[in-house]
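So the structure is just underneath, and the comments pick up after that.
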Amino acid sequence: MILVTGGAGFIGSNFVLDWLACRDEPVVNLDLLTYAGNLGNLVSLRGDSRHVFVQGDVCDAALVRRLLVEYRPRAVVHLAAETHVDRSIQDAAAFVRTNVTGTYVLLEAVRDYWQALGATEREAFRFHHVSTDEVYGSLGPEDAPFTEHHPYQPNSPYSASKAASDHLVRAWHHTYGLPVVTTNCSNNYGPYHFPEKLIPLAIVNALAGKPLPVYGDGLNVRDWLYVKDHCAALRLVLERGRVGQTYNIGGWNEKTNLEIVRTICRLLDELRPDAAGPHERLITFVADRPGHDRRYAIDASKVERELGWRPAETFETGIRKTVQWYLDHPEWVAQVQSGAYRQWIATQYGRVGPA
Ligand code: NAD
Ligand code: DAU
C-alpha cells in the first residue's frame, strides 16, 4: 500500500485514479479537504476497498504517525500543499504552515517509521516529494530551460515555501539517509483543475460569457503538461527513480498566456459556439501579478534518458480533451463554484482592476 497526501486535489485525484487504474496496490489518501480538495473528484472510487480516504492535516503529527503504523505503506507520495500563487501573495500564512511545516512533520514521522522497518522494507521504502519548476525562479527569453542543477531562486511566497520544502526533503536524505526522490514539474492542466488557475478559469468564464482576465501584457511564458502525463512520470520515478535524485518533468511546450487563452477561445468557438460572437471578445487585460515570473521552461531530458518517460499528449490533443471534459461536466463546475469560490473571484479580480 502507498500513502498519498493531497489526493483530493487536482493532481492528487488524477494520480489516485490513474494509480488504481494501472496498479492493484491500495492507497491511503490523507487530505484536509481545503477549498481545493474535492471528494467529488473521486466518486468513481466509491465502494472500492483499495481506496481509503482520511480527512486530516499533514501538520497533525499524531495522525500521520498513526496512519503510518496502521497502514504500513511502502511509499509516501507527498502532494498536499497550498498551490495558488495569487493566494500566496494575498496571505502566505497557510503556505508556510502546510508547505513548510507540513512537510517537516511528515518527514519526521516518516523517518521514525522508516527507521523501525526491517532491512528489506527499509531498502525498498520511498518518500516521493512532488514539487514545482517555480523554485528555479524566472528565465529570460533566450535562457536555456531549467535543468536539475539550476540554482534555486524562488520569487513568490508560494515558490519560496515549496523551495523550503524541497530543501527539507534533501536534508532528510543527506543527514538521515531517508530514501527520497523529488520531482519538479511545470504547469499541469486537465480534468478536475480548480477554476482559480488560468486554464480552467478561462474555460468556465468563457462558457459563462464573463471576462477572461489576462495579467499584464499576456506574454508571460509557461511550460504546460497534461496532468495524466505528469501522473505517469510520478509512477515511473517512484518505481525506478534513483534515491536522493531530483527529476524535472515538463511538456517541452512553452506558450504565452495569451496563446493559451486564444486557443481555448478557438476550441470553444468550434465546440460550443456563442451567438454573441467569438469568445476572444471576452479577453480582458488586467493589472499584472506582483513579482510575476516572466518565463518557465523545463529541460526534461534526465527523466526521459534515465526512465524512458515521454508525454503522451501534445498540447493540441491535451487542451482539446480538457475543454471537452469541462463541457461534459457542468455539474462538477457548478459544485466547485461555491460561495467561497465566488468570494475569491470577487476579491482577486476586484482588487487587480483593469490594466
Ligand atoms: P491543489 O491545490 O489542487 O490540491 C492540493 C490538495 O492538498 C487539496 O486536496 C487540499 O485539500 C490538500 N491540502 C492542502 N493543505 C493540506 C494539509 N494541511 N493537509 C492535508 N491536505 C492538504 O494542488 P495541485 O495543483 O494538485 O498540486 C499538487 C502538488 O503538485 C503540490 O505540491 C504542488 O506544489 C505540486 N505541483 C503542482 C503543479 C500544477 O500545475 N498544479 C505543477 C507542479 C507541481
Ligand atoms: O509551474 C508550476 C506551477 O504552475 C505550480 O507549481 C502552481 O501550483 C500552479 O498554480 C501553477 O502556477 P502559475 O502561477 O503558473 O499558474 P496560474 O494558472 O495561476 O497562472 C498561469 C499564468 O497565467 C501565470 O503567468 C499568471 C497568468 N494568469 C493567471 C490567472 C489566474 C493570468 O494571466 N490571469 C489569471 O486570471
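Values quoted throughout were computed directly from the atomic coordinates according to the rules given, and no laboratory measurement underlies them. All values reported here derive from a predicted model rather than from experimental measurement. We place every Cβ from the backbone using ideal geometry, glycine too, and count neighbours over all the protein chains shown.
Worth a mention:
- Ranked Cys22, Cys265, criterion: other C-beta atoms within 10 Å, fewest first: Cys22, Cys265
- Three principal axis lengths of the chain [C-alpha, angstrom, descending]: 66, 48, 38
- On Cα atoms only, tilt of 339-352 relative to the major axis of the chain in degrees: 60 degrees
- Taking the Cα centre of the range 204-355 as origin and assigning +1 to Lys and Arg Cβ atoms and -1 to Asp and Glu Cβ atoms, the resulting dipole is close to 280 debye.
- Listed by chain and number, the aspartates and glutamates placed with their C-alpha closer than 14 angstrom to that of Lys162 are Glu82, Asp133, Glu134; residues fewer than eight positions away on the same chain are left out.
- Cβ-Cβ FRET estimate between Glu25 and Tyr176, R0 fixed at 22 Å, reported to 0.05: 0.25
- 0 to 90° range, to nearest 10: angle between helix 61-71 axis and the chain longest Cα axis: 70 degrees
- Burial ordering of Arg305, Arg23, Arg262, fewest other beta-carbon atoms within 10 Å first: Arg305, Arg23, Arg262
- Dipole magnitude of the chain about its Cα centre (Cβ charges: Lys, Arg +1; Asp, Glu -1), debye to nearest 20: 360 debye
- Here the extension length gained between Ala93 and Val52 equals 11.8 nm, from 0.36 nm per residue of separation less the Cα-Cα distance.
- Between helix 257-271 and the chain: long-axis angle, C-alpha atoms, 0 to 90°, nearest 10: 70 degrees
- Of the GluC sites (Glu not before Pro) in the range 38-138, not one is in a loop by DSSP (not H, G, I, E or B) with at most 14 other beta carbons within 10 Å.
- Taking a sphere under 12 Å around the Cβ of Ala36 and counting the other residues whose Cβ falls inside, with K and R at +1 and D and E at -1, yields a net charge of -1.
- When you filter the GluC sites (Glu not before Pro) in the range 141-212 for DSSP loop state and at most 13 other Cβ atoms inside 10 Å of their Cβ, you are left with Glu142.
- Each of Leu198, Pro179, Ser161 was scored by the projection of its Cα onto the charge dipole of the chain, and the greatest displacement toward the positive side belongs to Pro179; charges sit on the C-beta of Lys, Arg, Asp and Glu.
- Between Glu239 and Leu307, the simple label model (points 7 Å from Cα in the Cβ direction) yields a spacing of 1.0 nm.
- Cross-link partners of Lys321 among lysines, defined as those whose alpha carbon lies under 24 angstrom from its own and excluding same-chain residues fewer than eight positions apart: Lys197, Lys210, Lys228, Lys255.
- Taken about its Cα centre, the range 28-109 carries a charge dipole of about 340 debye when Lys and Arg each add +1 at the Cβ and Asp and Glu each add -1 at the Cβ.
- Where only DSSP H runs of four or more residues are counted, the chain gives -13000 deg cm²/dmol as its mean residue ellipticity at 222 nm, each run worth -39500 (n - 2.57).
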